[in-house]
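Take a look at the structure below.
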Amino acid sequence: MRKSLSTLILFMILCMLFLTPAYQAEAASNGLAETPPMGWNSWNKFGCNVSENMIKEMADAMVSSGMKDAGYQYVNIDDCWQTDREPTTGKIVADPVRFPSGMKALADYVHSKGLKLGLYTDVGFKTCGGRPGSRGYYDIDAKTYAEWGIDYVKVDWCYVDPDGKLLNYGAKPDAATWYSEFGEALKNSGRGIVFSICNWGEQSPWDWGPQIGNLWRTGQDIGDAWERGTNWYYGIINAYDVAVNHSASAGPGGWNDPDMLEIGNGGATNVEYRSQFSLWSMLAAPLIAGNDLRSMSQETKDILMNKEVIAVNQDPLGVQATKIIDNGDIEILVKPLSNGDKAIALLNRGAQSAKISVTAAEAGLPASEGYIVRDLWQHFSKGSTGTIKADVPSHGTAMFRVSPATIDNLPASLDMTIAASSGQIQSGKSAELTATLHNDGVKDVTKAAISLQLPSGWTAAPLSSTSFERVAADQTVSAKWSVTAPSDAVGVKDIGVTATYEDVDGIKQLQSSQRFNVLPPDGTIYVSDMEPQDSTNGWGPIEKDMSNGEASKGDGKTITIKGVPYNKGIGTNAASSITYNIDGKFDSFISDVGIDDEVSGRGSVTFEVWGDGKKLWDSGLIKAASSTIGAEVNVKGVKLLKLVVTDGGDGNAYDHGDWAGARLTATAQESKGAVLEGPDQAAAGTTFDLSYGLSGMDQNVYAQDLTFRYDPSQVEFVSAESVNSDAVVIVDKAQKQDEVRLLAATIGSNAKLEGDLLKLHWKVKSNTAATASTITLSKAVMADGTGVETELDSKSYTLQINSVDKAALLALITDAQGKHDAAVEGSSAGQYPAGSKAALQAAIDQAKAVADNTAATQAQVEQAINALTAALQTFTDSVITTEPGDTNGDGRYSIGDLAIIAAAYGKTSADPNWSSYKKSDLNNDGKIDIEDLSAIARKILE
Ligand code: GLA
């Protein structure tokens with residue numbers, strides 16, 4: 001008996017321990033979230049600042065932006081919507097000021113849009129924001145939600161200590177028990193409500209969450225950053241790192257939740273945001289956007305609404321990806337899909353871009369003679385015989401969907417890259433860009449054409465053919481352009497390149513782009529105008545051209561150290577580290593460093609400059625009282641520049657370290673070769689000269705073969721002449737329509753040429769509609785006295801075509817000149833006073849100067865028209881209308897005229913009414929006296 005009793009007790013204990021934990025007995029699938037939930041939540045962007053209007057607007061935006069069509073449906077209100085409980089019923093009360101119509105009305109509104117409404121509460125006594133929690137009210141709350149029509153509830157884990165006093169400390173209860181009680185209440189509420197468990201990965205929710213809820217948070221709150229640095233919250237990559245380990249727990253109805261999306265919030269780069277979307281999709285994680293849906297950039301929309309990536313996330317098989325390769329910086333994930341395809345993600349955590357590849361066999365695909373590899377970000381399929389590979393930028397993730405296929409059905413596989421031959425582009429200058437297209441597949445493609453997509457204001461002139469009849473398997477072709485950046489283009493610029501070609505099944509397009517740091521002509525670039533490859537910061541993100549406000553992007557002030565304001569620079573809060581890929585292009589890093597005045601005398605930091613992993617400079621310990629330190633660091637050859645601010649060893653409070661005026665300088669390299677120079681602009685119909693010369697030559701040049709390419713609809717080649725008496729130039733008569741070839745020969749001892757050599761005369765076509773035209777020296781071969789030929793780099797020159805309308809000005813000048821020339825100076829009626837013609841001529845000459853100035857703006861032309869119109873009016877008004885002396889204007893000299901003059905006797909030009917007496921001043925000497933009386937008397941007597 002004793003034995004059987006103890007056996008029974010042991011059996012019961014075993015059952016409790018292993019077989020039927022309390023929560024498992026209560027939990028049953030609610031049939032919801034068969035695929036990971038998709039929606040939006042207020043917390044990441046708005047925190048406690050929630051309201052009925054904002055939620056309605058967000059629901060509207062979810063529809064109008066296309067998010068609903070892409071699959072998003074839950075509109076979730078996070079913390080701070082609730083204020084207290086009704087004293088008698090215990091029912092939760094929504095903030096009557098922020099939600100005046102109540103939750104039921106709001107749910108009705110959201111449902112009318114075809115969407116669903118979610119709320120937030122806490123399994124403890126209070127929410128993290130200090131609002132009433134649900135402990136003790138699980139049933140009442142669940143019923144209230146059901147009554148309101150709520151479809152989703154996120155349940156947090158604050159204030160769960162026995163006294164309900166502590167936000168997140170002290171002894172905690174068994175999470176599985178409390179959450180299963182909440183789940184039970186939801187089940188009994190009479191409405192299907194998605195249950196989101198949010199206990200931050202504590203007590204291994206991946207073990208018990210699947211039996212209780214539809215999703216469970218796997219870790220700490222996410223922040224808007226790639227990496228957490230010393231912050232309490234997780235960066236994107238830290239949140240991923242936890243969730244990726246719990247694939248086995250996820251499946252239809254229950255998902256690992258690495259927290260919400262930060263895409264579009266600005267603290268990470270778009271490459272990093274694309275990674276978040278890729279990784280979350282691979283992990284079959286909930287896709288809950290956390291940005292402002294009312295104002296999304298195109299890039300944000302392209303990420304959040306990438307339907308091919310969403311299809312991987314929402315695949316009905318519901319299997320979370322597993323990591324099949326992890327070698328530190330590179331990780332490869334594979335997610336099996338319901339139709340037998342595999343989704344493959346190639347993640348590059350490193351600071352440099354990386355070539356990553358994996359074989360179909362490694363990814364678990366069945367053996368096949370070929371595979372179709374669909375790039376889910378480039379929306380493009382390639383054929384492969386077994387390797388899936390990509391160039392992945394730092395912090396980027398490439399994502400593919402791979403299916404086995406026969407060789408006959410494989411699409412082409414092309415790779416395209418773009419590079420500047422000097423590696424560097426300067427504003428206002430030309431650089432040679434080469435796009436290289438490689439056929440990496442097993443099939444030829446035909447009719448390939450490559451084109452560039454440049455930022456606005458840039459121009460490109462081809463230096464080679466840009467289309468190719470056939471690109472055979474394994475063949476590489478390239479197209480070259482001379483690209484000119486406008487003089488105000490400085491900093492990070494993207495240049496796109498597109499190839500179109502014909503494949504087995506029609507016309508295809510391949511796109512790629514490359515980021516260049518465009519340097520100003522003096523070779524200096526502010527670091528804040530460049531995009532860092534990577535950055536971490538103690539509080540909030542690093543700030544460009546402002547101090548660090550510690551919270552969100554753009555919240556700083558003018559950088560100020562010791563009362564000196566700086567327009568440019570980087571504002572940090574220790575501990576901070578910023579990495580730039582400068583690719584060996586610069587000579588010096590120059591900056592003032594110090595603690596920003598805004599922390600009023602507190603804080604202590606050390607600034608460090610690192611190059612390729614080696615410390616190049618440090619400031620020593622700097623306190624707010626220290627004087628500003630100027631750093632000038634040699635960075636010749638440095639590829640990765642890292643700017644570090646440490647906390648000075650005493651924690652990072654008030655450590656606002658400013659890199660004030662931080663810049664990189666490069667000595668302009670003396671270019672060896674051809675120099676093309678001409679005016680910046682010219683008007684349609686006018687001529688201009690282009691000078692051609694050589695620079696940096698260290699050899700004698702006896703002969704040159706030069707070919708200039710141009711657009712004949714824009715400009716016309718007129719002639720060429722030598723500006724050096726020892727050189728002759730011969731223009732090839734057999735010119736092509738868009739090309740002119742010149743042969744230049746130099747005789748005698750001046751053969752070592754520097755500076756100008758030839759002058760080429762050109763004309764802008766008068767009927768061209770172009771606003772700019774590029775002339776390219778596409779071929780330049782020179783030979784020394786021994787006949788050795790050297791090919792020089794191509795050069796191009798861009799002329800802005802001035803489309804200023806001068807017709808009205810030219811017509812006015814002709815009119816004014818005509819009037820001037822016809823006018824006679826004298827004192828008789830119809831004549832003009834002495835000096836008036838000269839005044840008009842001066843005005844005409846000024847107007848002509850504007851008309852002749854090819855650089856004149858439309859405003860200057862208008863001004864010239866106004867000035868000449870006024871001068872012409874003054875001139876016209878000055879015509880003498882009456883005979884002098886006929887003061888009463890009756891057409892004869894009479895005693896009446898003598899009377900008027902006599903009445904004005906003694907008046908001088910100083911008199912305020914002189915204008916009415918002036919006609920009596922017959923000898924024009926500024927006074928009315930006896931001479932005037934005599935003059936009229938003589939005329940009467942004549
Ligand atoms: C916790 C959660 C967050 C958010 C806030 C609201 O920190 O983890 O997701 O809901 O509370 O106070």
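Listed values, structure above:
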{"read-out": "Cα gyration tensor of the stretch 36-320 - equivalent ellipsoid semi-axes, whole Å, descending", "value": "27, 23, 18"}
{"read-out": "Unsatisfied cross-links (Cα-Cα over 19 Å) in the set K585/K642; K45/K301; K335/K443; K116/K143", "value": "K335/K443"}
{"read-out": "Translational diffusion coefficient (Stokes-Einstein; Kirkwood radius from C-alpha pairs) of the stretch 208-302 at 4 °C, 1.567 mPa s, in µm²/s", "value": "95 µm²/s"}
{"read-out": "Distance from the stretch 884-911 to the stretch 689-704 (C-alpha centre basis), Å", "value": "78 Å"}
{"read-out": "Volume per residue of the C-alpha convex hull in the chain, rounded to whole Å³", "value": "319 Å³"}
{"read-out": "Selection of trypsin sites (Lys or Arg not before Pro), the stretch 137-229, meeting DSSP coil and at most 12 other Cβ within 10 Å", "value": "K165"}
{"read-out": "Using a Förster distance of 45 Å, the FRET efficiency for D821-S464 (Cβ separation, nearest 0.05)", "value": "0.20"}
{"read-out": "Efficiency of FRET between D680 and T436 - r from beta-carbon atoms, R0 41 angstrom, step 0.05", "value": "0.80"}
{"read-out": "Within the accessible area of the chain (1.4 Å probe), percent carbon and sulfur", "value": "51 percent"}
{"read-out": "Rg/Rg_ref, the stretch 299-393, where Rg_ref = 2.2 N^0.38 Å and atoms are Cα", "value": "1.08"}
{"read-out": "Where N is the number of residues in the stretch 97-181, Cα Rg divided by 2.2 N^0.38 Å", "value": "1.21"}
{"read-out": "Per residue, the convex hull volume that the Cα atoms of the stretch 490-617 enclose (Å³)", "value": "164 Å³"}
{"read-out": "Cα-based radius of gyration of the stretch 835-902 once divided by 2.2 N^0.38 Å, which approximates compact folds", "value": "1.79"}
{"read-out": "Two-site FRET efficiency, E299 against A171, from Cβ-Cβ distance with R₀ of 41 Å, rounded to 0.05", "value": "0.30"}
{"read-out": "Rg over Rh [alpha-carbon atoms, Kirkwood Rh] for the stretch 673-802", "value": "0.98"}
{"read-out": "Kirkwood Rh, angstrom, the stretch 413-519 [1 / mean 1/r, Cα pairs]", "value": "14.2 Å"}
{"read-out": "Over the chain, relative contact order from alpha-carbon pairs under 8 Å, at least 6 apart, %", "value": "6 percent"}
{"read-out": "Within-15-Å neighbourhood charge of T908 [Cβ basis; K, R +1; D, E -1]", "value": "-2"}
{"read-out": "5 Å-binned pair-distance histogram of the stretch 551-688 (Cα, whole percent)", "value": "2, 10, 18, 18, 14, 11, 7, 4, 5, 5, 4, 2, 1, 0, 0"}
{"read-out": "Extension gain (nm, one decimal) between A855 and A903, 0.36 nm per residue minus Cα-Cα", "value": "11.5 nm"}
{"read-out": "Candidate lysines - alpha carbon under 17 Å from K557, same-chain residues fewer than 8 apart omitted", "value": "K544, K568"}
{"read-out": "Net length gained if the chain between T558 and D69 were fully extended (0.36 nm per residue, minus Cα distance)", "value": "171.7 nm"}
{"read-out": "Computed over the stretch 481-538, the ratio Rg/Rh where both radii use C-alpha atoms and Rh is Kirkwood", "value": "1.18"}
{"read-out": "log₁₀ of I(q)/I(0) at q = 0.12, 0.17, 0.21, 0.22 Å⁻¹ - the stretch 807-941, Debye sum with one point per alpha carbon", "value": "-0.60, -0.87, -1.10, -1.17"}
{"read-out": "Accessible area of the chain divided out per residue, in Å², using a probe of 1.4 angstrom", "value": "43 Å²"}
{"read-out": "Which listed pairs, of K172/K623; K389/K480; K154/K307; K307/K493, have C-alpha distances above 31 Å, in listed order", "value": "K172/K623"}
{"read-out": "Quarter of the Cα convex hull surface for the stretch 248-315, i.e. its orientation-mean projected area (nm²)", "value": "4.6 nm²"}
{"read-out": "Segment N567-S766, extension gain: residue separation times 0.36 nm, minus the distance between their alpha carbons", "value": "67.2 nm"}
{"read-out": "Whole-number D in µm² s⁻¹ for the stretch 535-599, Kirkwood Cα-pair radius fed into Stokes-Einstein, 25 °C, 0.890 mPa s", "value": "196 µm²/s"}
{"read-out": "Cubic angstrom per residue, convex hull over Cα atoms of the stretch 211-255", "value": "75 Å³"}
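The values are calculated or read from the model by the stated rules, or taken from the named source; none is laboratory data. Because the structure is predicted, anything quoted here is derived from the model rather than measured. Don't worry about glycine lacking a Cβ; one is built from the backbone with ideal geometry, like all the others, and counts go over all protein chains shown. Surface accessibility is based on the protein's heavy atoms, side chains included, excluding ligands, DNA and RNA. Shrake-Rupley method; radii C 1.70, N 1.55, O 1.52, S 1.80 Å.
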